[in-house]
Amino acid sequence: MSSLLIARLFNNQLVGSIPKEIGMLGSLSELDLSNNDLNGSIPTTLGNLSNLAFLYFYGNQLSGSIPLEVGGMRSLVHCQLLYNDLTGPIPPSIGNLTNLNILQLFQNKLSGPIPSSIGNLTNLNILQLYQNKLSGPIPKEIGMLGSLSVLGFHYNNFSGSIPSTIGNLSKLTNLQLASNNFVGHLPHDICAGRALQNFSATDNHFTGPIPRGLRNCTSLIRVRLENNQLKGNISEGLGTYPYLDYLGLSNNELYGELPPRLGEYSNLTSLTISNNRISGVIPFEVGNMTRLHRLDLSSNSLVGEIPKDLGKLTSLLELSLYDNHLVGNIPQELGTLSDLSSINIAGNNLSGSIPRQLGECSNLQFLILSRNGLDRSIPVEISNLQSLQILDLSQNLLTGEIPGQLGLLRKLETLNLSHNQLSGSIASTFDDMASLTSIDISYNELEGALPNIPAFRNATIEVVRGNKGLCGVIAGLNPCATTRSKGKNNNKRLLLILVPTLACLLSLLLVVGGSSIVRRRVRKTESSSKDGTNENPWAILSFDGGMAYESIIEATEEFDPKYCIGVGGHGSVYKARLQTGETVAVKKLKEAVDVEIASRKAFEREIHALTETRHRNIVKLYGFCLSSRHSFLVYEFLECGSLKDVLNNEERITTFDWKKRLNVVKGVAYALCYMHHECSPPIIHRDVSSKNVLLDAEYEAHVSDFGTAKVLQSYSSNWTSFAGTFGYAAPELAYTMEVNHKCDVYSFGVVTLEIIMGRHPGDLISSLASSSSSSLRHSTASWPLKEVLDQRIPFPEGGVLGELAFMTKMAFSCSSPKPEHRPSMQQVSRAISAHNSIVLSASEDIKLEELIDPTCFTY
């Protein structure tokens, strides 16, 4: 046996450990035990195989560390230990293997730094260490590997800056640095050999400009630099790339204008430069990229018109230009793009009509044109889009009737036509829209009966509010009158419409004028107090015709503690049953001298925020009072109390099933999306937590407590003192006080995990905040999802389990320690709306490692 030269036992379902006697095969030149079920450790006797040239142990379950003795295999050319469970460091003796051409250790659990002896492997062509838990800086000796063509360091915990010696790797074609903790600038001579083809550095902390060396790196095929803090002029960082297939620069701080040379990227299939500071116009030369599948320039400062030349992009599947400053008409040429599956150009200043040619985009699934100035009627040709799942035309100036033909969209799931000037009734063809789950037609001029379909039956009054004469299936809406109703009955119906409408208009006027009235009364109050005269504390909005200051005092017995149902940072909340029979929640501000100013500011912020919001998942403000005696807010009373109370109540928890929990997550997401992206100016809550999510009798979520909300004015400073609840506040607030919507996104992620786990995620969130995504993924690899789910209610199955897995993945993405890696609430809301649950069985062993990878959550 000692004279055996080759041992090939791959793909044989071998089990057990590798015998130590294998070291006796001194003549062995090739040992292939790959793709079996071997376990245990690698025997140290392997070091005796001084003639071994090829070692293949990949695809097993080997554990333990790589023995130091491997340094004795000095003839080794190929060493492939990938796809195992190896732990511990890479032994420094690896530097003895100077004949190595391939070293592949990826997808293990190796830790510690890369030994500097790696520099001895001057014949190395492929070095792949990705998906481990390796840490520390990249040794400068890496620059000694002059023959290296493939270098994979991604999905580890590496830190520090990239050594400049990496520029010595003149033969490098593939460089992967993604998902680590690297900082500093990317080396400018990273493509010194002009051979680099595939370069990824996503999900790090790189700063500075796009490396100067990439400008002349004409060999590039794929470049991914998303999710960093790169700065600099984009037109100076990009060169000419005849072979480029993929360019990803999203979520950085790049500025400048898009260079016309983009049109020369004739092989490009994906161009994503969203969420930067790009200005100027979209160059018409973009239309020359005829192989382009995805174009995402969203969340920038682009101006001018959408070029008609985009109609030349016949391979385009996804067009995202939302949240810019684009003007003019939507080019009708987009209708020629028959392969398009998604158009999102919301949040611009577009005008004119919706081109009927869009009805020719036969594969379109998502059409989002909201928050523009589009006018005229909805073209009936939209009904040709039989694959359409989401249609959002909200917040425009659309007029006319809703085309009855829209009822033919059998796959439509979400329809939002709110905040337009649509009139007439809803056609009976909507009765057959079985797939429709979410609809919003609020704030139009619609009238008549609502279709009797689940989308309306399961909705609240908020989705039809602000119209002039709707009736039907929604609770709180007037039932439709029969055709026999004549004469006096018609007059009664007219009164039923006019009286509430006039009352609402009066209330609205009172709310709008509330802030200025309050300020005048405050000044008057202070003046009167100094004079010793009594004041009239009345400064409250009418509610059911007669809510008065004294009725609040009487109902709470001068705010007796027995009526207190909660205590917050700025005051206490009381339950008050008024003489009218109405039950309300009263938030009374603290009266201590040392918090008077802060409380008053919080009070004014909350008034401003709540009087400007109209959403089914945001708590309603009925009235307010500001006086030297008592200052308070009056809200709707929600029967089930806070989410925190429900999760902590062992008796009530059994009724809080998975479907209700998922609905709560959706409600909070929709509320925050409305605040961030549909309010003008946007509202940042700053204290999203389980105690500030209230539930009604149907367990519908209502976001509350805007005492710390900050309205973001354009071009203003958004720096402030800390506000929020520890355990839910974003980690960056420990070193910066900058207020932005990503703080709310983080808190939403924590609340979502709390709903899923039944308790605060605690250690899990701490791990996420202190580790990279890859290290967390490995540290929780042994945690099945079923062990994380709340054990107090039955385990979910089928589509519910699939939806919970999706929500967990989304929550981890939102809870990323890096704010630039978190999605926006708009992206979350759209992902929730567009998500189709995968049916999973209870026996499927879903691991958290499958859900924590941020690249797996698309939005």
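Taken together, the values in this text are just the output of simple stated rules run on the coordinates, not laboratory data. Because the structure is a prediction, the values reported are computed rather than measured. Cβ coordinates were reconstructed from backbone atoms using ideal geometry, including for glycine residues, and neighbour counts include every protein chain displayed.
Net charge near G400, counting Lys/Arg +1 and Asp/Glu -1 over other residues with Cβ under 12 Å of its Cβ?
Neighbour charge sum, excluding G400 itself: -2.
Just for the Cα atoms in the range 1-112, what are the lengths along the principal axes, largest first, rounded to whole Å?
Ordered largest first, the range 1-112 gives principal extents of 36, 33, 22 Å.
Taking only the Cα atoms of the range 329-476, how large is their convex hull per residue, in Å³?
Spelled out: Cα convex hull of the range 329-476, divided by residues, is 83 Å³.
Mind sorting K742, K575 by how few other Cβ atoms lie within 10 Å of their own Cβ, fewest first?
The most exposed by this proxy come first: K575, K742.
Name the trypsin sites (Lys or Arg not before Pro) in the range 251-305 that are in a loop by DSSP and that have at most 16 other C-beta atoms within 10 Å, would you?
R291
Exceeding 31 Å between C-alpha atoms, which entries from my cross-link table qualify? They are K468/K666; K588/K786; K171/K231.
Too far apart for the 31 Å limit: K588/K786.
Quick one: if you stick a label point 7 Å off each Cα along the C-beta vector at T460 and N233, how many nm between them?
Result: 5.1 nm between the two label points.
Where the centroid of each part is defined by its Cα atoms, how far is the range 166-243 from the range 803-823 in Å?
Centre-to-centre (Cα) distance: 27 Å.
Express in nm, to one decimal, how much length is gained between S29 and E447 on full extension, taking 0.36 nm for each residue of separation and deducting their alpha carbon distance.
Full-extension gain reported as 142.1 nm.
What distance in nm separates the two pseudo spin-label positions at D339 and T98, each 7 Å out from Cα along the beta-carbon direction?
Inter-label distance under the simple model: 5.3 nm.
Structure shown: which of K660/K809; K620/K809; K691/K742 lie over 27 Å apart, alpha-carbon to alpha-carbon?
Exceeds cut-off: K620/K809.
Any idea how far apart V380 and S41 come out in nm if each label point goes 7 Å out from Cα toward Cβ?
Each label point lies 7 Å from its Cα, and together they span 7.9 nm.
Taking every alpha carbon pair in the range 145-254, what does the distance histogram look like in 5 angstrom bins from 0, in percent?
3, 13, 25, 28, 22, 8, 1
Is there a quick way to get the dipole size of the range 210-352? I mean about its Cα centre, with the Cβ of Lys and Arg at +1 and of Asp and Glu at -1; what is the value in debye to the nearest 20?
Around 360 debye, computed over the range 210-352.
Could you pull out the trypsin sites (Lys or Arg not before Pro) across the range 344-445 that fall in loop regions by DSSP (anything but H, G, I, E, B) with no more than 16 other Cβ atoms inside 10 Å?
Taking the range 344-445 and a limit of 16 other Cβ atoms within 10 Å, the loop trypsin sites (Lys or Arg not before Pro) found are R410, K411.
With r as the distance between the Cβ atoms of S423 and V303 and R0 = 35 Å, compute the FRET efficiency 1/(1 + (r/R0)^6) and round to 0.05.
The calculated FRET efficiency here is 0.55.
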